[in-house]
Structure formats: structure tokens, C-alpha cells
1. Taking 10 °C and 1.306 mPa s as the conditions, I'd like the Stokes-Einstein D for segment 306-352 in µm²/s, using the Kirkwood hydrodynamic radius from alpha carbon pairs.
2. Would you pull out the residues with amide H under 5 Å of Ile204's amide H, same chain only if 5 or more places away, H placed 1.01 Å from N?
3. Listed here are the pairs Lys297/Lys395; Lys32/Lys512; Lys245/Lys326; Lys134/Lys208; Lys54/Lys300; Lys263/Lys395; which of them are more than 30 Å apart at the Cα?
4. Show the residues, 5+ positions off or on another chain, whose built amide H is closer than 5 Å to the amide H of Phe91.
5. Using the alpha-carbon centroid of each, what span in Å lies between segment 122-160 and segment 478-512?
6. Across bins of 5 angstrom width beginning at 0, how are the C-alpha pair distances of segment 85-155 distributed, in whole percent?
7. For the peptides 19-31, 303-315, what is the packing order when you average, over each peptide's residues, the other Cβ atoms within 10 Å and list the highest mean first?
8. Where does the chain land on the Kirkwood hydrodynamic radius, alpha-carbon pairs, in angstrom?
Amino acid sequence: MSKVYISTPIYYVNGAPHIGHAHTTVMADILKRSRLMMGMDAWLTTGTDEHGQKNQEAAEKSGQECQDYLDQKSGEFRTVFDRLGVSYDMFVRTTRPEHMKQVAHIEQTLFDQGLIVKKKYSGQYCTGCEQFKKESDLTPEGRCPDHSNVELEQTDEVNYFLQIEPYREWLRDYAEQNPEWLQPSRYRSELLGMLKEPLEDLCISRPKTRVSLGVELPFDSDYVTYVWFDALINYITNVGWPDEKYNDWWPYSMHLIGKDIVKTHCIYWPIMLHALDVAPPNQVVVHGYWVGPGGQKMSKTLGNVVDPIEVMDTFGADALRFYLAKHMRGSVDSQISMELMLQTYTSDLANNIGNLLARVSKFANSRFDGVIPAPENIHPDDQKLAEAVAANIGKACGRYEMTDIPDVLNAILAEARALNEYVADKAPWTMIKDEDARDRVASILYVALDGLRLVFEGLYPFVPETANKGLAVLGRENMNQKVHQHVFQAGDLKPASAFGDMVNLFPRIDLK
Ligand code: MSP
């Protein structure tokens, strides 16, 4: 595959952007940058989901005009993603007129095909999920497992429904025949389990008497569109559907999502698409949840909420990107706190990478007239290390998926550690006292600096700004414009080329 269309969920604007939102969007950016480095074409969308009951309630509570509220909140998400260095190609807002027009068009199409029926529904509604809940979805205490603090609402309403059950068999066959479609595989097993039971119709409307923030139904102006039906459609309107040009990207789609929204993305969404004669998303990849230390769910009451803005103010955006990438293990919940951030920052970033760069570049810069040492011969031992570093980083940084990200980072960190140990062991600062050893010193330093260059190139998708700064110290240009397949090979650093300005990549941080 020569291209990829990566999307994140679009986030509700009923609160401030939090660490979970930052996570999915940063992972999407990492994958995009890694694909660009492979010479692939990539398109990334993220954004905000601005309709529905809970956004409406939040807007009302704010006392602001609804549109002002949505603009402000959506802007907050965009600012956080910009600060995190996310290179999105499109920042989606479901209040965009072109998107809203297509949502109505899709409803009319399905309505005309007789797939939408009007009927009375009685059931419990969770505004946290913006979903109706069956008895079997609830905890023994009768609460939503994801939103135990939200009071379920008893609703008795006449609404419009999309028939889902007629497509169940098709979807089950599809999921069975396409094992790569939903990752990690445990979600596929869960999905296949869900598809054993008959499926209820999907309610696609809300009466305006209850919710007015939404896309009006084209065939009944007393109703607006259900927020999930509207939001999922963003994935195709972003790439120009119904214009044929959506085919430039849609076959390469990769939806990144948290484990909370598998059902909407892997049951309702493919069925909506199938009804429209559009293929399912090419791939859906699921990650776990961020929780506080000790595995507790983050909550204001417990005081363990980690605010992405506070983390960036303290450690910088790249340190947050790095932490999120390194510590989310597949779909298992992972812990974050300011103290855990500090540990990772200190041991992996400052003591490993920062230390190697500072020690080697400062020493080489002062002893070799401000240029990268140019040894006459690279000593065979140094050469062996150089080749191992290039091979290991090259192998780790071949094509990787979201679930591989921590392993890729650990592999790069291992090479940085190996370089650190090698330099410590050879001690060029002692060796240089012997004038005859100068060429060997040059050889060690060259290999260490060239190895660091490989480390920064490998790290680029994860910590782009820091990697570029590190490369600048080594006199290299930044990686932002890379469009050709990147090859990780030893010896690319130009001997005798000038160092850039020395910078401290990871200054000491004290948590007050
Ligand atoms: N608006 C819907 C999605 C519509 S997509 C067509 C929605 N929004 S949300 O604001 O609740 O965001 C949910 C997503 O945010 C999760 O699927 C996940 O990507 C991310 N996260 C939110 N909290 C999270 C954690 N605590 N940990 C990790 N990611 C989580 O659902």
C-alpha cells in the first residue's frame, strides 16, 4: 500500500481536551510521520464532534451563545493538537456546512431505500455515551460501565431507526474473512461474539423537543440527526464523498479509536456504509485507556486528572508525546501522572539521549575545531557498533502499527544506551591525552555522533521537534520535508562538516 488515510475519533466539546484525546491524536501523527518517512502518501484528520445532547447541555450551562461555545471549545482542541505538533491535514468540525449537507443527503438516500423506519422506543439513555442502553449493557447496580456518574434517562419517544439486523450476517462474514481488519485481535473476537446475537435497530434521530443541536432530518423537521450517525459520516465527507475523488483515500483508511467506541465503529459504521454501497474502513485499530497511578480511573474527585496543557508547560510537548507513545501497551490500560512523567523524562530522555548528545557533541566540537571528526580509518570495533546501530534502528523503524509503537521506541532507546555504554567504556576524553590515539578518538566520536543521528532519525515521528533540534546540533537539516523512502544506514553523517549550535535538549525539571 502506497498511501494511508489516518483518522482519529472526533471529540465531544462538552469539556476540555484531556490526555486521552491527546493520545489518539498523537499516535495518529506518529503513524503519519512514519509513513511519510517510508515514502508513502499520508492524510490525517482529527477534530471535534459538535452536535448532540451533551454538547448542547454543556453549551447551555456555559451561558454563552451556542455557536460561540462550540467555536471556543473546538478552538481549544485545535490549540492543544497544534501545540503537540500534530500535522493534521484537516481539522474536522461536524458543524461544517458541507458535512451537514451530506449527512442529510445520506439520510434521505437511506429513507428512500426504505431502510429507515419510524417507531416508538422506550429505554434508558446514557448522555455520557450518547447511546441507548440495554439491561445487559449495564452494571449490576444498573449504571453505565463507562459513565457510572451519569444518571441514565428513561426515554419514551417516537424516533427514526436504521435497520441493522438485515446486515448482521454480512458483517460477521466480513469480520471473519478479514482478520487484519480490526486490531488487536481480541476486539475482533469480541465483535464476532456480539454479532452472534440479533442486533437492535439504530436510532438515528432525536426529537427537537429534547435535542436541537444537530442536523435536521431532511424528511421530518421535528427531528435532528442522532449525534453518532452524524459524526461517523465525517470519515467519508473529509475525503470528499460523494464525489468520486473520495476513492483516492477511502480504500486506504485507518481509524484509530479507544476501546470505548468499538461497537459504533465496527458495527454501526460498516453497516451504514454497506447500506450506502461504500466499502468498510480498511482498518480499525484500538488502544486502551489512560488511568491514574494505581490504575484508578482519572477523575476530578480523586484529583488524579493529568492535564495535557500542564504536562506540556512543565515538560514540553515532545516529552508528553514520548510518554504516551512509550507507555500505552496495546489495549491494556496504562498509567500516567506528573511523577511518572518525570521518571521517564529523566531516565529515557535526559540521562540517555540528552546526555549522549551533550557529552559527545561538546567534546568533539571543542577538540575537533567545531566539525564532525573525520577519522582516516574507522576502527573495526567501532564499525561493528556503527553497523549494529543502523541495522537495529532500521529494523525497528520499518513499517510499524499503532500497537508496535512502544516496542519501536524501546528498540531505539536500546541503541542509544549501547552508544552511551560504548563511549563510557572507551573513554575518548582520556584517550585523547595520547596524541597517537587521535585518529582512534576521531573514529569513536564519529561513530557515536553518526549513531546519534540514526537515533534522532528513528525518533523523528515520535518527538519531531526534539529530533530536529538534535539533528541541527549535528549540522543536519530537519526531517519535516522528507518525501523519499528513508534509509537508515551507517556513515551518512558527513565527516568534517560543521556542528550546529550546542543546545541542551532536556533541561533539568523540578516538580514543585
Ligand atoms: N465523539 C465521539 C467519537 C465520534 S468518532 C466518529 C466520542 N468522543 S470522546 O470525546 O468521548 O472521545 C473518545 C475517544 O477519546 C476515545 O475513543 C479515545 O480515542 C480517546 N480517549 C478518551 N479518553 C481516553 C482515555 N482515558 N485514555 C485513552 N484514550 C481515551 O466518543
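Each reported figure results from applying straightforward, stated rules to the coordinates on display, with no laboratory input. Keep in mind that this is a model prediction, so the values were computed, not measured. For neighbour counting, all protein chains shown are included, and Cβ atoms are generated from backbone atoms with ideal geometry for every residue, glycine included.
1. 146
2. Residues meeting the criterion, in which the H sits 1.01 Å from N, are Tyr160, Phe161, Leu162.
3. Violating the 30 Å limit, Cα to Cα: Lys297/Lys395; Lys32/Lys512; Lys245/Lys326; Lys263/Lys395.
4. Under 5 Å from the amide H of Phe91: no residue qualifies.
5. A separation of 51 Å, based on Cα centres.
6. All Cα pairs, binned at 5 Å, distribute as 3, 13, 15, 11, 12, 17, 16, 9, 4, 0 percent.
7. 19-31, 303-315
8. About 25.0 Å, per the Kirkwood formula over Cα pairs.
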